[in-house]
Amino acid sequence: VRIESHNRRQAAAVLAALLAGCQPEVVVSPPAQQRIPYRPEPVGRFVYMNQPDAEKYFISGIYGLESNAWRWAGPTAVLRFHLTETESLAYVMKFAVPRELTAQIVPVHLRILINGQRWQDLSYDQQGIYDLEKPAPAAILKPQSDNLVTIAIERPPVSDSRAPEPKFILVQVGFQPLAKKS
Amino acid sequence: MRASPLWAVAKILFASGFTAASAYAAGRWFLRRTGAWRIFTALERRVFGFAIGAAWLSNVVFLLCATHLVYPWILVGTGAALIVAGSRGETEPALSKPGAGRAGWLWLLAPIAACYGYLYLAHAMAPEISPDGAGYHLSLTGRYFREHGFRLITTNMYALLSQGMEMLFLFAYAFGRHSAAKLVHFAFLLSTAAAMLSFGRRFRIEQPAAVAAAFFTLSPVVGVDGTSSYNDCALALFTFLVFYLLLFWESNHAPELLPAIGISAGFCYAIKYTGFLALPFALGFLMWKRRPWKEVRKVAGFASLFIIPWMLKNAILASNPFAPFFNRLFPNPYIHVSFEQTYAYFMRHYSGLADHNWSDYLQFPRELAVAGGKLQGLLGPLFLLAPLGLLSLRKRLGRRVCLGAALFALPWFSNIGTRFLIPALVFISLAMALAIWEQPKPVAAAVSAILVAAHAVACWPPVTGRWNRHPVWRLGDAPWRAALRLEPENEYVSRAVPAYNAARMIDRLVPPGGRVFSPEAIPDAYTSREVIVSYQSALGEILMDDLLTPVLRDFGPVWTFRFEWNPQDLKGVRFIQTASHESEKWSIHEVLLFSGEDYLVPRPSWRLRADPNPWDAALAMDGSPTTRWRSWRPLYPGMRFQVDFPEPMRLSAVELRCSPDQPHIALRVEGEDAAGRWSPLPAKMKRFEREAPIDQMKKLAGIELRSRGVSYLLTDLAGGGMNLIAPHIGRNPQAWGFREIGAYGSMRLYRIEN
């Protein structure tokens, strides 16, 4: 460090820098290994809630495995699926509307969004186990990339803030090749 | 099998006695060398011998810590060598005491002294239950002992404070553990009273000095502090000794006193940063007396021997000689500027006092003297009469005492806890007593007797409990069964400090070397495992942030700022924050760069620069939605985050994933062209929201803790403070990758299994 003049202020600044250990500018690099969600682990197009790597598919709103078969989900469950193709796919979901939910909200409105776009609105008056299978909308699916599926329970505009979060039961969900009809 | 109570008590008494004897011997040896011994009275020899020797012993232990030589046998050898050195040589008779023999009436104070001695000794010998004593004072002492000296401890701000007293605690702790350290501090309280009496004899104010010593010593905050492993009473002793020695030196200009003045002033800083004023006071006094520079330099030189080691230690270990303060001047990755600001604020406004309204200061006399709950200590109602001390201004000595009171009360404004007034309380007591003894002697004696008796009665614990119902930090009844180890230590401590059981649980369930993260402090003097507390270091704050991010929506990467421009070849891109805010901090969860539709995966060859807090810049490019780079300073224009590339890259967009807890930020994006020129990019900015991937973030929080070497988490389901995460974790620890391995009451200990 060279002091250009006898200016006391400068000398004080230099002294402060010396006391600070004259640290060089701190520069760091991005970590070599990236983690989710920007370079997520690869996933498939369909997930059973009890498969060992199921959690890789979950973004949010899905809870721990119950009875080695199903999981609570909601009020907004978000999953991701990797699709190589988008044509001729069916959206397949096995789920249940539990008694606890119908006790809270009747009818139960489920809204499904794919890649953020509203796709299906479903309504259920009774508890029960349901299978949903519908042709998937190729126009809003992205090939060779992850696709986000959001399943949301619509809450009534006025609800009891003390009530538990509404949840449904999810068993399996994802995209399967559309069954060819003979 | 439990050790016999007699053996336990013997170890405690030996350890504290050996420490005091070593200190006294070191002081005696040194003061004889400087010649000061020759001009001291017998009582002064005891007081200054112990105090000056304690300062030297502290420095010796510092050196042993710095060289990792803290072993019991080395400490025994050191103490023995000091005792031998101190006891050699001829013993000159002490000077006859000015005024000696005229203080016989002091025996009237004997019954009060006996009662309070009975109370204080029991508390000093009992196991440590004080908040800071069972917290950092003895936790660090224990760690230095186990690790044989200083290690790089950057996860506990208290390890960066000056620790002159902890060095003495360590000497005693090595043989007698916690209670021995408490007794060492108690010795300083006794020495303060002795120093006040000695001062009275030296300056022919025996009666006022004795009354002042009673005022001071019987004060509830002094009693509880002086019988704990704190340092305020030690600081009170040394600040008073500086004053004492300066007045003594003024009367005879004896150069023999200059080293002791320097040591006393320097050791004030070594005990506690708030003691820093002692040195300028001493130097200012010498200069005021127009002494030659040689004498001023001598005092400064001796003082520096006790100040510089702590500054050097911090400069080397924490890149900041004044750590954990002045982090703006000495930026470092260990203590955040925002923490320092918040900490300083709370220390100035306990319980929100005077945070918005300066008229709150009008409550302080009552709060300090009578209530005490908000300021965590009680001086006693007697000190409502403190303004009486101003009557002593009529005489020269009174003016000086008042100056000492005013000067050493100044640090209290930086931490308004009652105990921070203890150093000034010596002077306040003295000023009050001087004022009383300016009255005719019979009146003064009667007033003194009434006030001392009333003070003694009012401050006796069962009586205090009758007139004060506030949750005040003060002594209870004399715990002799615990002091004599007739009641086992664990029973006594767990009754007084429930969190003690959590500390013991950690010792049982966490293997040696395991690190535990805890949102709130625990009495970690009772565990040998490292506990990282959320607010005690930068790392603690970052880990806490990782755990809060999945719990608090406003902490998650909900906002996306997308800047788009026509594709350009750029060597770097940076974001300039242009807004100001007094408390809001800037943060970035993730920076994503795009070329057309392609996301550019960060490469290790890229360089990240951030100002402030460059150390954590990688957290904004680690792909984890849990972690984030934070400025850890309130918003100011010119903050920047910059990405440099080794070669120009074609870029057309950048996204910042940010949390909504920063509504006032304003951003500008700039690019560096191939020629190295920075200019604003003509970017269109869009902001949109998306919900954070909560489940993944919980898992990643655990992974982040593990990657930082933390494998265990202690939380309190009862919530409170930073434990607000505890209920979220307690509902489903598996979602976080945690496994509960222990529980005590509402406390839960988890192992992080990610």
Binned Cα-Cα distances of the protein assembly as shown, short to long, each 10 Å bin given as a whole percent: 2, 10, 17, 20, 17, 13, 10, 6, 3, 1, 0, 0, 0
Furthest towards positive pole of dipole, A:LEU148, B:HIS581, B:VAL9, structure part the protein assembly as shown, Cβ charges: B:VAL9
Dipole magnitude (debye, nearest 20) for the protein assembly as shown, charges at Cβ of Lys, Arg, Asp, Glu: 3020
In nm, spacing of pseudo-spin labels at B:ASP673 and B:PHE413 (7 Å Cα→C-beta vector): 5.4
Unsatisfied cross-links (Cα-Cα over 29 Å) in the set B:LYS585/B:LYS698; B:LYS585/B:LYS686; A:LYS167/B:LYS684; B:LYS272/B:LYS395; A:LYS56/A:LYS142; B:LYS182/B:LYS313: A:LYS167/B:LYS684; B:LYS272/B:LYS395
Highest-first arrangement of B:667-673, B:520-526, where packing means the average Cβ count within 10 Å: B:520-526, B:667-673
Label point 7 Å beyond Cα of B:ILE741 along Cβ direction - residues of region B:511-555 with amide nitrogen under 18 Å: B:511-519, B:527-533
Where labels lie 7 Å past Cα in the beta-carbon direction, separation of B:ARG366 and A:ARG111 in nm: 5.6
Per residue Cα convex hull volume in Å³ - calculated over region B:629-720: 199
Shielding of B:614-620 by partner chains, average beta-carbon count, 10 Å: 3
Within region B:648-717: Cβ-based charge dipole about Cα centre, in debye rounded to nearest 20 (Lys, Arg +1; Asp, Glu -1): 200
Only Lys, Arg (+1) and Asp, Glu (-1) charged, at Cβ; chain B dipole about Cα centre in debye: 2380
Ranked list, fewest to most other Cβ atoms within 10 Å of each Cβ, for B:TRP7, A:TRP119: B:TRP7, A:TRP119
Distance histogram in 5 Å bins (all Cα pairs of region B:159-310, percent per bin): 2, 10, 17, 19, 19, 16, 10, 5, 1, 0
Shielding of B:623-634 by partner chains, average beta-carbon count, 10 Å: 2
Rg [Å, one decimal], Dmax [Å, integer] - region B:192-261, C-alpha atoms: 13.3, 39
Highest-first arrangement of B:148-157, B:344-353, where packing means the average Cβ count within 10 Å: B:148-157, B:344-353
Chain B: DSSP helices with Cα axial extent of at least 24 Å and average Kyte-Doolittle hydropathy no lower than -1.0: B:5-34, B:42-66, B:164-202, B:232-252, B:293-318, B:441-459
Cα-only radius of gyration and Dmax that characterise region B:510-612, units Å: 19.5, 62
Packing-based order for B:418-428, B:725-735, using average beta carbon neighbours within 10 Å, highest first: B:418-428, B:725-735
5 Å binning of all Cα-Cα separations within region B:487-527, expressed as whole percents from 0 upward: 5, 23, 32, 22, 11, 5, 1
Dimensions (Å) - chain B, Cα atoms, principal axes, largest first: 96, 64, 53
Additional length obtainable on full extension of the chain from B:ARG204 to B:ARG38, 0.36 nm per residue less Cα span: 57.8 nm
Neighbour-count order for B:LYS395, B:LYS294, A:LYS167, fewest beta carbons within 10 angstrom listed first: B:LYS294, B:LYS395, A:LYS167
Whole-angstrom Cα spans of region B:479-553 along principal axes, big to small: 51, 25, 19
Relative compactness, region B:567-644, computed as alpha-carbon Rg over 2.2 N^0.38 Å: 1.13
Likely footprinting exposure, B:ILE74, A:ILE105, B:ILE665, fewest C-beta neighbours within 10 Å first: B:ILE74, A:ILE105, B:ILE665
Local electrostatic count, B:SER537, Cβ distance below 15 Å [Lys/Arg +1, Asp/Glu -1]: -3
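Per residue of B:733-739, what is the mean number of Cβ atoms on other protein chains within 10 angstrom of that residue's Cβ?
Per residue, the number of nearby Cβ atoms from other chains is 1 on average.
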Residue-span extension gain [B:ALA94 to B:ALA254] - 0.36 nm each, minus C-alpha spacing: 56.0 nm
Inter-label distance for B:GLN568 and B:LEU717, nm, one decimal - labels placed 7 Å from Cα along Cα-to-Cβ: 5.7
Relative contact order of chain B, pairs being alpha-carbon contacts under 8 Å that are 6 or more residues apart, as %: 12
Three principal axis lengths of region B:241-350 [C-alpha, angstrom, descending]: 49, 32, 20
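Here, each number is a calculation from the coordinates, and none is a lab measurement. This structure is a prediction, so every number in the text was calculated from the model and none was measured. Cβ atoms come from the backbone with ideal geometry, glycine included; neighbour counts cover every protein chain shown.
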